[in-house]
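The values are calculated or read from the model by the stated rules, or taken from the named source; none is laboratory data. Quantities reported herein were computed from a predicted structural model and do not represent experimental measurements. Methodologically, a virtual Cβ is constructed for each residue, glycine included, from the backbone with ideal geometry; neighbour enumeration extends over all protein chains shown. When the accessible area is computed, the model is the full protein with side chains, heavy atoms only, and any ligands, DNA or RNA have been set aside. Shrake-Rupley method; radii C 1.70, N 1.55, O 1.52, S 1.80 Å.
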Amino acid sequence: METKIPPPIVTLIFGLAIYFSREMLPVVEIQHSSYLGVLLLLIGFFVLISAVRLFRKDNTTVNPLSPDQATKLVTDGIFKYTRNPMYLGMAFILGSISVFYNLLGGIFLVALFCAYITKFQIIPEERAMQDLFSHDFEKYTKSTRRWI
């Protein structure tokens, strides 16, 4: 693992950065932003919780700091559409925070979050999955995108 910072902590840090950087950029308001913010929040939690439930159902580790302890490659449910629904859910939640507090800064910080998570979390996890599930994981990566 390139990092030992749990992704929920990374998400919290980026969420706080979105909130506290709101004074540095001009306010951009969009019509019906509260509806959009709530929608993004609900989608984020739905995607995240769906993924966690599938991991628990299949009795495999949810701990992102020890992907080498995975006992099964989960490819059904939400995992048919994205290989990383938990991180996608976190990105949607950060998008929601952006809509509510800091649209301009949020767009930049959500993109930075995605880049950070890809480099320091997803790529190391993919290496572990390749080692554990070789051919099955390779086949899965060809049929399912990393994000969306």
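Structure values in brief
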quantity	calculated
Solvent exposure ordering (accessible area, 1.4 Å, most first) of Y35, Y116	Y35, Y116
Karplus-derived 3J(HN,Hα), 6.51/-1.76/1.60, for each residue of the stretch 57-66, Hz, glycine and proline x	4, 8, 6, 10, 5, 9, 5, x, 8, 9
For the stretch 123-128, 3J(HN,Hα) per residue [Karplus equation, 6.51 cos²θ - 1.76 cosθ + 1.60, θ = phi - 60°, Hz, x = Gly/Pro]	4, x, 5, 5, 4, 5
The chain - convex hull of the alpha-carbon atoms, volume per residue in Å³	99 Å³
Ellipticity estimate at 222 nm from DSSP helix runs (n ≥ 4, -39,500 (n - 2.57)) divided over the chain, nearest 500	-21000 deg cm²/dmol
Average projection area in nm² (convex hull over Cα atoms of the stretch 24-102, one quarter of hull surface)	6.4 nm²
Most to least accessible of E138, E126 (protein chains only, probe 1.4 Å)	E138, E126
Accessible-area composition of the stretch 22-93, carbon plus sulfur, in percent [1.4 Å probe]	62 percent
Probe 1.4 Å, all protein chains present, accessible-area order of D76, D136, D131, D58, largest first	D131, D136, D76, D58
Accessible area per residue, Å², the chain with all protein chains present, probe 1.4 Å	59 Å²
Where labels lie 7 Å past Cα in the beta-carbon direction, separation of L12 and F133 in nm	2.9 nm
Span from the the stretch 44-116 Cα centroid across to the the stretch 3-30 one, whole angstrom	16 Å
Helix 103-117 vs. the chain, principal-axis angle (Cα, 0 to 90°, nearest 10)	20 degrees
Label-point separation, F120 to I5 (7 Å along Cα→Cβ), nm	0.3 nm
Summed residue charge, Cβ within 15 Å of P85's Cβ, Lys/Arg positive, Asp/Glu negative	+3
Lys, Arg +1 and Asp, Glu -1 on Cβ, resulting dipole of the chain about Cα centre, debye, nearest 20	260 debye
Derived scalar couplings ³J(HN,Hα) [the stretch 84-94; Karplus, 6.51 cos²θ - 1.76 cosθ + 1.60; whole Hz; x for Gly, Pro]	9, x, 5, 6, 5, x, 5, 5, 5, 5, 5
